[in-house]
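*Asks:* Structure below; questions to follow.
The values are calculated or read from the model by the stated rules, or taken from the named source; none is laboratory data. The model shown is predicted, which means the values in this text are computed figures rather than measured ones. Ideal geometry is used to build each Cβ from the backbone, glycine not excepted, and the neighbour counts take in all protein chains shown.
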Amino acid sequence: MTDAPIRYVEPVFRPPSEAQSLILPVTDGCSWNRCAFCEMYTAPQKRFRPRDEAEVMESIRRCGERYGGSVTRVFLADGDAMTLSTRRLAAILEAIRRALPGVRRVSSYCLPRNVGRKSVAELRALAELGLSLVYVGAESGDDDVLARVEKGETFASTRQALEKLGEAGIKRSVMILNGLGGASLSGPHAANSAALINAAQPEFLATLVVGFPEGEARFRAKFRDFEPLDVPGLLREMEAFLSRLELKRTVFRSDHASNWLVLRGALGADKARLLAQLRAAIAAPEEAPLRPAWARGL
Ligand SMILES: C[S@@+](CC[C@H](N)C(=O)[O-])C[C@H]1O[C@@H](n2cnc3c(N)ncnc32)[C@H](O)[C@@H]1O
Ligand code: SF4
């Protein structure tokens, strides 16, 4: 190990809301790595592997020595931390408690299948040890869309995982990808994604616009007849999605750099206002506060 307490293998990704967190890799890459739209962990150095347990423990101990009580949030990286066994995750959370006593929130990404292998009691034990939030890439609630993009999940598997996490007291931040079904599947993508979110009632919901910064080749190899939605089509899909949402208490964000129109609010309280913003942008796009193309990104 070098002088740095943590060994990073670039590129490292984290959700926007983890900007202030200590990013602690406990796995490298993603064990699935087959989603047609996702190129985050395709570089050779990001081949999936769990980090050596001794290395993770040593990193936590050295972060404790160096940063002490000043760290308040920890994000367990990379794309698939929750694939680790409950025993290993519990050991990591205990070590964080011991070495970094100021930590109030530990979070990670979580594929629905990571949860399938863990019981509610096991998840509750992790929550009690400090795991308070997971980011779940649902992407869509439509089984046809999920199959075409090779997510390896279904409406049912994602719903079950989200419910299990909720029952265990772990907050869920769910990501849905605007435009993922293209023109042909836009209707069912919007309707079934809203049905999934209504069933799960997550604490946080974020929508991102699917994009292909490295080209469409990987995506089109799987979703051959994909016809991308134009900006009005993306906004109409958002309207179809939002108008079907029946949420009690969900913080909604559509402010990731990939979005054309920034929307933020609490659902259901702000549903009418958010829909009005969307409808105004659909009716008069030239007057809407759309992000210029140069300011968008992933
Ligand atoms: C690191 S991944 C998610 C973590 C976890 N592996 C999962 O699937 O739940 C982060 C999220 O970025 C989003 N993402 C990935 N590739 C994208 C793309 N090409 N365009 C837009 N969003 C993308 C997806 O919503 C994905 O779930
Ligand atoms: S979206 Fe998540 S599961 Fe799919 S390849 Fe990317 S990191 Fe892996």
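*Asks:* For the stretch 240-255, check the following and say yes or no: at least one residue is more than 18 Å from the chain's Cα centre (by Cα) and over 21 Å from Val174 (Cα atoms).
*Replies:* Within the stretch 240-255, not a single residue is more than 18 Å from the chain's Cα centre (by Cα) and over 21 Å from Val174 (Cα atoms).
*Asks:* Taking Gly102, is it over 13 Å from the mean Cα position of the chain (by Cα), more than 13 Å from ligand 1 (Cβ to nearest atom), closer than 20 Å to Ser258 by Cβ and of a type in the set (Gly, Ala, Ser)?
*Replies:* No: the conditions fail for Gly102.
*Asks:* Next question. All but one of (1) away from ligand 2 (no atom under 16 Å from the Cβ); (2) more than 23 Å from Leu126 (Cα to Cα) hold for Val12, so report the exception by its number.
*Replies:* (1)
*Asks:* Is it the case that Val120 is of a type in the set (A, V, I, L, M) and within 18 Å of the chain's Cα centre (by Cα)?
*Replies:* no
*Asks:* Could you list, ordered by first residue, the pairs with Cβ atoms under 7 Å in which the first is in the stretch 251-277 and touching a residue at least 24 places away in the same chain (Cβ under 8 Å) and the second is of a type in the set (Asp, Glu), at least 6 apart or interchain?
*Replies:* Val251/Glu203; Val262/Asp255; Leu275/Glu239
*Asks:* Taking the condition in a loop (DSSP other than H, G, I, E, B) and not charged (D, E, K, R), does Leu234 pass?
*Replies:* no
*Asks:* Another question about this same structure. Test Ser17 against the stated conditions and say whether it is under 21 Å from Lys171 (Cα atoms), of a type in the set (S, T, N, Q) and touching a Phe, Trp or Tyr at 6+ places or on another chain (Cβ under 8 Å).
*Replies:* It is false that Ser17 is under 21 Å from Lys171 (Cα atoms), of a type in the set (S, T, N, Q) and touching a Phe, Trp or Tyr at 6+ places or on another chain (Cβ under 8 Å).
*Asks:* Let me ask something else. Please go through the stretch 169-183 and give me each residue that is surrounded by fewer than 21 Cβ atoms within 10 Å (Cβ to Cβ) and either within 11 Å of ligand 1 (Cβ to nearest atom) or not in a loop (DSSP other than H, G, I, E, B) (or both), ordered by number.
*Replies:* The answer is Lys171, Met175.
*Asks:* For the stretch 1-52, name all the residues that are assigned to a strand (DSSP E or B), more than 14 Å from ligand 1 (Cβ to nearest atom) and either surrounded by 16 or more Cβ atoms within 10 Å (Cβ to Cβ) or of a type in the set (Ser, Thr, Tyr) (or both).
*Replies:* Answer for the stretch 1-52, where residues must be assigned to a strand (DSSP E or B), more than 14 Å from ligand 1 (Cβ to nearest atom) and either surrounded by 16 or more Cβ atoms within 10 Å (Cβ to Cβ) or of a type in the set (Ser, Thr, Tyr) (or both): Leu22, Leu24, Pro50.
*Asks:* Condition first: touching a helix residue (DSSP H, G or I) at 6+ places or on another chain (Cβ under 7 Å), of a type outside the set (Asp, Glu) and within 16 Å of ligand 2 (Cβ to nearest atom). Can you find one or more residues in the stretch 33-44 that meet it?
*Replies:* So far as the stretch 33-44 goes, yes, one or more of its residues are touching a helix residue (DSSP H, G or I) at 6+ places or on another chain (Cβ under 7 Å), of a type outside the set (Asp, Glu) and within 16 Å of ligand 2 (Cβ to nearest atom).
*Asks:* How about the stretch 254-298: which of its residues are within 13 Å of Val209 (Cα to Cα) and either at pLDDT 95 or above or in a loop (DSSP other than H, G, I, E, B) (or both)?
*Replies:* Asp255, His256, Ala257, Ser258, Asn259, Trp260, Leu261, Val262, Arg291, Arg296, Gly297, Leu298
*Asks:* Still on this structure, please answer the following. Kindly indicate whether any position in the stretch 210-231 is in contact with a strand residue (DSSP E or B) (Cβ under 6 Å, 6 or more places away or on another chain), in a loop (DSSP other than H, G, I, E, B), under 25 Å from Arg148 (Cα atoms) and of a type in the set (A, V, I, L, M).
*Replies:* The answer is yes, given that some residue of the stretch 210-231 is in contact with a strand residue (DSSP E or B) (Cβ under 6 Å, 6 or more places away or on another chain), in a loop (DSSP other than H, G, I, E, B), under 25 Å from Arg148 (Cα atoms) and of a type in the set (A, V, I, L, M).
*Asks:* Spot the failing condition for Glu122; the list is (1) more than 16 Å from ligand 2 (Cβ to nearest atom); (2) closer than 23 Å to Ser59 by Cβ; (3) free of Cβ contacts under 8 Å to residues at least 60 places away in the same chain, and only one is missed.
*Replies:* (2)
*Asks:* Right, another one. Would you check if Ala91 is closer than 19 Å to Arg7 by Cβ, touching a residue at least 24 places away in the same chain (Cβ under 8 Å), more than 16 Å from ligand 1 (Cβ to nearest atom) and surrounded by fewer than 24 Cβ atoms within 10 Å (Cβ to Cβ)?
*Replies:* So Ala91 fits the description; yes.
*Asks:* Then there's this: Residues in the stretch 76-88 that are away from ligand 1 (no atom under 14 Å from the Cβ) and of a type in the set (A, V, I, L, M): how many?
*Replies:* Number satisfying all stated conditions: 0.
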